[in-house]
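Visitor: Dropping the structure in here first, questions after.
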Amino acid sequence: MKEYNPKSIEAKWQKIWDDNKVFAARIDTPEDKAKKKFYALIEFPYPSGQGLHVGHPRSNTAMDIISRKRRLEGYNVLFPIGWDAFGLPTENYAIKNKVHPAIVTEKNIAHFKDQLKRLGFSFDWDREIDTTDPDYYKWTQWIFLKLFEQGLAYKSKMPINWCTECKVGLANEEVVNGVCERCGAQVIRVERSQWMLKITEYAQKLIDGLDDVDFIEKVKIQQRNWIGRSEGAEVDFYVPAIDEKLTVYTTRPDTLFGATYMVVSPEDPVIDKVKDIISNYDEVAAYKAEAAKKSDFERTELVKDKTGVQLKGIYAVNPVNGKEIPIWTSDYVLVSYGTGKIMAVPAHDDRDWAFAKKFGLDIIEVVAGGDVQNAAFTDIESGVMVNSGFLDGLSVKEAKVKIIDWLVDKGVGIRKVNYKLRDWVFSRQRYWGEPIPIVICDHCGYVPVPEDQLPVKLPDVESYVQTDTGESPLVNVPEWVNTTCPKCGRPAKRETDTMPQWAGSSWYFIRYCDPHNKDEYISKEAMDYWMPVDWYNGGMEHTTLHLLYSRFWHKFLYNQGLISCPEPYQKRTSHGMILGENGEKMSKSRGNVINPDDIVDEIGADSFRLYEMFMGAFDQAIPWSTQGAKGCYRFLERVWKMQDFLTEEEEISEALKADVHTTIKKVTEDYEKMKFNTAIAALMSLVNSIYACGKLSKGDFKAFLLLLNPVAPHITEELWEICNIDSAPLYKAKWPEYDEKAMVKANVEIVVQICGKVKAKIVIPTGLDKDATQAAALADSKVKEIVGNSQIKKVIVVPGRLVNIVI
RNA sequence: GCGGAUGUGGUGGAAUGGCAGACACGCUGGUCUUAGGAACCAGUCCGAGAGGGUGUGGGUUCGACUCCCACCAUCCGCACCA
């Protein structure tokens, strides 16, 4: 027997798989199409300069296991790979080192590809895509134009999140704790004209669609929370001084009788309108200026301490009782949610209560059950309406229905659903992104670039740095910017903003089905066969970003009749992070980064993959342990040496046979549930049993190799070949099946408890009935001794498991 | 504050109503060795033992890591969303 040499084995099989295109997904022949399809997807990597980190292989290996298992089960499997290559780090690197981002990208991709190939993933490399390839982003631009045609892409001057460091506008999703998700610099609000995508139009569809897909529950919950649907009413408050209605949004219309003042956000246009009417405009204007200066971070920091100014000299009329209430402005009311105005009910809302206490405003109880002078009473389950005219005596729930009917009837309010979700800021003032295919014409406005002129390619520029005003470096390329209007033919300018990183990844799973199509973004044939993705694994950090954005694009395409399924992903799972050996998040600055290359060099890809799957529960964060990885290498060495155990015997023992079948069942089921750690533990146990026997039949070895193959594909193929398990290679074999009958052993050990404490163990024949089991337990000498003369009150028998005697 | 999770040996974890600690890592002792950071063998929850033991306190049950109630701790996400 040769020594186990992972390096040569792995190189050998990777070449065989490649040369024979073993993992190519095809629908060329009727036989291909007759097969059941399985589309497995991982989030395509961003090819950063640092190369692959150990997080990538965790997701990749998991889906590789599922894909390999599916192939052995006879499915036609699509398991593609590509590059999400537009983005800031590459651009920043390009700026610093004065290299074209395309060259940096090419270099990084080559490095990533090399690293991934060494790990032996069964990707279909013929379908490799790259979001920065004009042949790819042509279709990204094409989809943008579809959105534009339907009015879902629009330009709007609005306050956006501006990163002071990256000098770039950010989506809400990219702002974390008031700082830039990427660089950590402060984010401030600035007014800018931006391209926006109307994801809000799909808010309800994005919620509803979750009912029809198999996503892990926490993903669904997080998406629902992020979209933030709430039901309530809009109510009009008349303001006599300007003869206008101010409309507020509330989820508690039942508390309308308790509204003692009104608050508008500092940005509300009504402030301008009352400029000459109110007596303290200077004070209000100063407050407004102060609020505008505050960054989001400062605004959230001051959560507890409420500020505000009354608009003195005017009041609003509560439609339900004609009461005149003061109007205030405060930054605890957000311009971007609801109507930007609220009715304040301090008795039943914590924020209003804090504000009212600070400024000495009235607190009127309208729901009985609390002590509203000491704290807001916000329980909506138990309260009964009081001080509320025709609502008195009703429950909160009943009052809600009745008041809305009343408001609608009187024409002073409507039922209203609101969402926290905002439209998606889609412009970036950066170079390394897809150009937005729009021409700005003084006469015609925003004019889409005609389809036959796509792609609008990125021109070369001298410098990738934004201008001082924060515009895209593309403005410095006059020969590119200056063009003619496709509509009227007069001189016009190209849009210089580019798309955000999220654009290319919002539809890449569609392109994988038909990556080389020059005429369409996907053919009908490929779409009908491959879509939707059957199983998508990825990180939780993408739940409210990529995962939501791509569902939005997909639903839009579905609405346009451009794709045949309403949801892109049938199933979504998520892996836990791999931490450094010290239990902290892996990062360069902490110096705890593990490079997969080093591990593969030392113990090989199979051991590396095995350890990544064995280290712990797949969905939990787990610290890396290089020692643990070496333990997996030891296991594979033991597997390697099993070739010496092979005998001509067909069955070694009944017990081993039962072990093999039990393991087939366990491993088959555990892989499906992504319980890779216990599947591998079962395989290790089986190896321990085989070692105890010291011999092994070919049939048992065959089953074992197939079970281990998805995790450790190289060593299993090699052993299959050298032990001559079959004339065809393992990758052409069939997944093993288990026989329930073979899993049953002749005898079984059961536990005898006395009053719930284990006192003895007895071996009885399998299948013994309750009475016989009980008799066997009572006949045991140790049991007899303990029971003695005590009276037996009760005996519980669980056949095949235990007997519990209560005395 | 709201939402979600997690809590078991020295470590990663297993067991989802039926023998707690499977499977590994580490450690201890041994075999072989010039050597061992290799390989193999034995041991390894605590306790001398009876017995005790899954964050804490209660409950349900013949029986609870598992189910119920209350609490504590840690992690993650969202956060003035009316």
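Visitor: Could you compute the FRET efficiency for A:N582 and A:K641, with r as their C-beta to C-beta distance and R0 at 41 Å, rounded to 0.05?
Guide: 0.75
Visitor: Using only DSSP helix segments of four residues or longer, with each worth -39500 (n - 2.57), what per-residue ellipticity at 222 nm results for chain A after dividing by its residue count and rounding to 500?
Guide: -10500 deg cm²/dmol
Visitor: Looking only at the range A:737-765, which residues have a backbone nitrogen under 12 Å from a spot 7 Å from the Cα of A:E650 in the C-beta direction?
Guide: Counting backbone N atoms under 12 Å from the label point, the list is empty.
Visitor: Suppose R0 equals 56 Å. What FRET efficiency, 1/(1 + (r/R0)^6) with r the Cβ-Cβ distance, do A:N482 and A:L802 give to the nearest 0.05?
Guide: Working from the Cβ atoms, E equals 0.10.
Visitor: Taking 7 Å along the Cα-to-C-beta vector as the label spot, tell me the A:E149-A:N559 distance in nanometres, rounded to one decimal.
Guide: A separation of 1.5 nm, rounded to one decimal place.
Visitor: Taking the Cα centre as origin and putting +1 on Lys and Arg beta-carbons and -1 on Asp and Glu beta-carbons, what dipole magnitude results for chain A, to the nearest 20 debye?
Guide: Numbers: 103 positive and 116 negative charges, 235 e Å.
Dipole about the Cα centre, nearest 20: 1120 debye.
Visitor: With the calculation restricted to Cα positions, what are the radius of gyration and Dmax of the range A:633-774 in angstrom?
Guide: Cα radius of gyration and Dmax of the range A:633-774 are 17.4, 58 Å respectively.
Visitor: Also, quick follow-up: Let me check the size of the range A:45-124 from its C-alpha atoms; what are the radius of gyration and Dmax in Å?
Guide: 15.1, 51
Visitor: Still on this model: If you wrap a convex hull around the alpha carbons of the range A:591-676, what volume per residue comes out, as a whole number of Å³?
Guide: Values: hull volume 10.2 nm³, N = 86.
Spelled out: Cα convex hull of the range A:591-676, divided by residues, is 118 Å³.
Visitor: On a C-alpha basis, how far is the centre of the range A:739-760 from the centre of the range A:523-561 in Å? Whole number, if you could?
Guide: Between the Cα centre of the range A:739-760 and that of the range A:523-561, the gap is 49 Å.
Visitor: In addition: Using a simple spin-label model with points 7 Å from Cα along the Cα→Cβ vector, what separation in nm is obtained for A:K36 and A:N225?
Guide: Computed distance between label sites A:K36 and A:N225 equals 3.6 nm.
Visitor: What is the ratio of the Cα radius of gyration of the range A:298-398 to 2.2 N^0.38 Å, with N the residue count, to two decimals? Please list the in-between numbers first.
Guide: Numbers: Rg = 14.6 Å, N = 101, 2.2 N^0.38 = 12.7 Å.
Normalised by 2.2 N^0.38 Å, the Cα Rg of the range A:298-398 equals 1.15.
Visitor: Enter the mean projected area of the convex hull around the alpha-carbon atoms of chain A, in nm², rounded to one decimal. Please report the intermediate quantities before stating the final value.
Guide: Working: hull surface 185.1 nm².
Value for chain A: 46.3 nm².
Visitor: To the nearest 20 debye, what charge dipole does the range A:696-767 have about its Cα centre, counting +1 at the Cβ of each Lys and Arg and -1 at the Cβ of each Asp and Glu?
Guide: Magnitude of the dipole: close to 520 debye.
Visitor: P(r) for the range A:33-78, please, calculated from all Cα pair distances in 10 Å bins and given in %.
Guide: 25, 42, 24, 9, 0
Visitor: Let me ask another. Enumerate by residue number the GluC sites (Glu not before Pro) in the range A:358-464 meeting two conditions: DSSP loop (anything except H, G, I, E, B), and at most 10 other Cβ atoms within 10 Å of the site's Cβ.
Guide: A:E381, A:E462
Visitor: To check my understanding: the extent here is largest minus smallest coordinate of the Cα atoms along each principal axis. What are those three numbers for the range A:471-549, in Å, largest first?
Guide: Principal-axis extents of the Cα atoms in the range A:471-549, largest first: 48, 33, 19 Å.
Visitor: Rounded, prolate or oblate: which fits the range A:437-514, taking a ≥ b ≥ c as square roots of the Cα gyration tensor eigenvalues, rounded meaning a/c under 1.5, else prolate when a/b beats b/c?
Guide: Verdict is oblate for the range A:437-514.
Visitor: Relative to the longest principal Cα axis of chain A, at what angle does helix A:396-410 sit, 0 to 90 degrees, rounded to 10?
Guide: 40
Visitor: Once fully extended, how much extra length lies between A:K734 and A:K7, figured as 0.36 nm per residue of separation less the alpha-carbon to alpha-carbon distance? Numbers along the way, then the final one.
Guide: Working: separation 727, 0.36 × 727 = 261.72 nm, distance 2.67 nm.
Taking A:K734 through A:K7 to full extension adds about 259.1 nm, to one decimal.
Visitor: Taking all pairs of different Cα atoms in the range A:212-270, averaging 1/r and flipping that mean, what Kirkwood radius in angstroms comes out? Don't skip to the answer; put the middle values down first.
Guide: Working: mean 1/r = 0.0677 Å⁻¹.
Radius from the Kirkwood sum: 14.8 Å.
Visitor: Among the lysines, select those whose C-alpha is under 22 Å from the C-alpha of A:K761, and discard any that sit fewer than 8 residues away in the same chain.
Guide: By straight Cα distance, A:K761 reaches A:K745, A:K770, A:K782, A:K784, A:K793, A:K794.
Visitor: Once you treat every alpha carbon in the range A:690-738 as an equal point and sum by Debye, what is log10 I(q)/I(0) at q = 0.16, 0.27, 0.28, 0.31 Å⁻¹?
Guide: Ignoring solvent entirely, the Cα scatterers give -0.41, -1.09, -1.15, -1.30.
Visitor: Given A:A621, A:L610, A:M642, which one lies farthest toward the positive end of the charge dipole of the range A:599-647, if we put +1 on the Cβ of every Lys and Arg and -1 on the Cβ of every Asp and Glu?
Guide: A:M642
Visitor: To the nearest Å, what is the center-to-center distance of the range A:419-453 and the range A:1-79, using C-alpha atoms only?
Guide: Centre-to-centre distance over Cα atoms comes out at 38 Å.
Visitor: Hey, another quick one. Once the convex hull of the alpha carbons of the range A:148-209 is built, what does its volume come to per residue, in cubic angstrom?
Guide: 102
Visitor: What is the set of long-range amide H partners of A:V190 at a cut-off below 5 Å, with H atoms built 1.01 Å from backbone N?
Guide: A:I160, A:W162
Visitor: Expressed as a fraction of 2.2 N^0.38 Å, the rule-of-thumb size for a compact globular protein of N residues, what is the C-alpha radius of gyration of the range A:157-253?
Guide: Values: Rg = 18.4 Å, N = 97, 2.2 N^0.38 = 12.5 Å.
In units of the 2.2 N^0.38 Å rule of thumb, it is 1.47.
Visitor: Roughly how many Å is it from the Cα centre of the range A:343-415 to that of the range A:153-210, as a whole number?
Guide: Here the answer is 34 Å between Cα centres.
Visitor: Would you please give the residues with an amide H less than 5 Å from that of A:A492, counting only those at least 5 places away or on a separate chain, with H modeled from the backbone geometry?
Guide: The answer is A:T483, A:T484, A:C485.
Visitor: Let me ask something else about it. Multiplying the sequence separation of A:E749 and A:V795 by 0.36 nm and subtracting their Cα-Cα distance, what value in nm do you get?
Guide: Result: 14.8 nm gained on full extension.
Visitor: Taking θ as phi - 60°, what are the ³J(HN,Hα) couplings along the range A:217-228 by the Karplus curve (6.51, -1.76, 1.60), each to the nearest whole Hz, with x for Gly and Pro?
Guide: 4, 5, 5, 4, 4, 5, 5, 4, 4, 5, 5, x
Visitor: Would you list the P(r) distribution for the range A:497-642, with all Cα-Cα distances sorted into 10 Å bins from 0 and each bin expressed as a whole %?
Guide: Each 10 Å bin holds this share of Cα pairs: 10, 28, 24, 23, 14, 2, 0.
Visitor: I would also like to ask the following. For A:F38, which sequence-distant residues (separation of 5 or more, or a different chain) have an amide H within less than 5 Å of its own amide H, given hydrogens modelled in the peptide plane?
Guide: Excluding prolines and chain starts, which carry no amide H, the hits are A:N76, A:V77, A:L78.
Visitor: Further, regarding this structure: Restricting things to Cα coordinates, could you compute the convex hull volume per residue of the range A:1-96 in Å³?
Guide: Values: hull volume 16.2 nm³, N = 96.
Here the figure is 169 Å³ per residue.
Visitor: Trypsin sites (Lys or Arg not before Pro), restricted to the range A:303-338: which are DSSP loop and have at most 11 other Cβ atoms within 10 Å? Don't skip to the end; give the middle numbers.
Guide: Values: sites: A:K304, A:K306, A:K312, A:K323; in loops: A:K304, A:K306, A:K323.
For trypsin sites (Lys or Arg not before Pro) across the range A:303-338 that sit outside H, G, I, E and B with at most 11 neighbouring Cβ atoms in 10 Å, the list reads A:K304.
Visitor: Taking every alpha carbon pair in the range A:339-419, what does the distance histogram look like in 5 angstrom bins from 0, in percent?
Guide: Percent of pairs per bin, in order: 3, 15, 20, 21, 22, 14, 4, 0.
Visitor: Between the DSSP loop rule and a limit of at most 12 other Cβ atoms within 10 Å, which trypsin sites (Lys or Arg not before Pro) in the range A:560-621 are left?
Guide: Passing sites in the range A:560-621 are A:K588, A:R590.
Values in this text are rule-based calculations from the coordinates and carry no lab data. Predicted model, so just to flag it, every value in this text is computed and none were measured. We place every Cβ from the backbone using ideal geometry, glycine too, and count neighbours over all the protein chains shown.
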